[in-house]
1. Take the residues in the stretch 81-106 that are open to solvent by 60 Å² or more (accessible area, probe 1.4 Å) and of a type in the set (Val, Ile, Thr); name whichever of them is nearest to the chain's Cα centre (by Cα).
2. Please identify the pairs in which a residue from the stretch 123-138 that is touching a residue at least 60 places away in the same chain (Cβ under 8 Å) and closer than 9 Å to Leu82 by Cα has its Cβ atom under 9 Å from the Cβ atom of a residue that is surrounded by fewer than 17 Cβ atoms within 10 Å (Cβ to Cβ) and not small (Gly, Ala, Ser), counting only partners at least 6 apart or on another chain.
3. Residues that are surrounded by 17 or more Cβ atoms within 10 Å (Cβ to Cβ), under 14 Å from Met172 (Cβ atoms), more than 19 Å from the chain's Cα centre (by Cα) and not hydroxyl-bearing (Ser, Thr, Tyr): does the stretch 129-142 have at least one?
4. Which of the strands (runs of 3 or more DSSP E) found entirely inside the stretch 114-208 contain at least 1 residues meeting this: closer than 21 Å to Ile22 by Cβ?
5. For the stretch 62-73, name all the residues that are assigned to a loop (DSSP other than H, G, I, E, B) and surrounded by 17 or more Cβ atoms within 10 Å (Cβ to Cβ).
6. How many of the residues making up the stretch 74-111 are assigned to a helix (DSSP H, G or I) and out of contact with any helix residue (DSSP H, G or I) (no Cβ under 8 Å at 6 or more places or on another chain)?
7. Go through the stretch 151-170 residue by residue and tally those that are touching a helix residue (DSSP H, G or I) at 6+ places or on another chain (Cβ under 8 Å) and exposed (fewer than 15 other Cβ atoms within 10 Å of the Cβ).
Amino acid sequence: MVQKTLYIVRHGQTEYNKLGIIQGRGVDTDLNDEGRKQACQFFEAYKTVPFDKIYISALKRTQQSIQPFIDLGIPYKKLPGLDELAWGIHEGQSPTIDNKAAFLQIMRDWLDGKLDSKFEGGESPLEVEVRQREALEVIMSHPEEKTVLICMHGRALRLLLCILTGKPLSEMDNFPHQNLVLYKVTYNGERFEIIDFNNAQHLKHSEE
């Protein structure tokens, strides 16, 4: 019976996060100073966990967030299925009254179960679900990997947690997050269970 523990984190802060600029799947940003500090804080808190494998998205901000673990020699694999939802024409745009209104509207659509709604050039939650299920199949197909670290993105993380817990994707906003926050999920051979919810304890240490 396959049993696993998944440590799922969102990437550290980027300058675009700080400025409220939309990133999505099409913008490949680096961590900023705060993001690199968060990466160090997470590493300090979890460096003794015996991770068998690391899975990251194809975007470099995820690798930069857990690079200290890779430097320990833990094998890692990039899965584009873990990439952020594509926001299409809004990617790389600074917040404006118009695009804030567009975002509020699409969030309402998703909340109402209109999960095929998407921006021009972007992806819908249903499209992201398809590639996430493929990525999950890869992750779960290795029974020898008992403890796994996954680094991904905010909106994608919310969708994945819906998939894991069997919740409808319209409930994605029930999973809050911030940069480099942890969700710890166990799999007992039959079902997934979140045993650590939106944990940011590691970010509260070494504030000096």
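The values are calculated or read from the model by the stated rules, or taken from the named source; none is laboratory data. Just so it is clear, the model here is predicted, and its values are computed rather than measured. Neighbour counts run over all protein chains shown; Cβ positions are idealised from the backbone, glycine included. Note: areas computed on protein heavy atoms with side chains; ligands, DNA, RNA excluded. Shrake-Rupley method; radii C 1.70, N 1.55, O 1.52, S 1.80 Å.
1. Per the criteria, the residue is Ile89.
2. Listed by first residue and then by second, the contacts come to Ala135/Pro80.
3. No, the stretch 129-142 contains no residue that is surrounded by 17 or more Cβ atoms within 10 Å (Cβ to Cβ), under 14 Å from Met172 (Cβ atoms), more than 19 Å from the chain's Cα centre (by Cα) and not hydroxyl-bearing (Ser, Thr, Tyr).
4. 147-152
5. Selection gives nothing.
6. Here the count works out to 11.
7. Of the residues in the stretch 151-170, 2 are touching a helix residue (DSSP H, G or I) at 6+ places or on another chain (Cβ under 8 Å) and exposed (fewer than 15 other Cβ atoms within 10 Å of the Cβ).
A quick yes/no check of all residues on (1) without any contact (Cβ under 8 Å) to a residue 60 or more places away in the chain; (2) under 22 Å from Glu15 (Cβ atoms):
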{"position": "Gln41", "(1), (2)": "no, yes"}
{"position": "Ile54", "(1), (2)": "no, no"}
{"position": "Lys77", "(1), (2)": "no, no"}
{"position": "Ala86", "(1), (2)": "no, yes"}
{"position": "Ile97", "(1), (2)": "yes, no"}
{"position": "Ala101", "(1), (2)": "yes, no"}
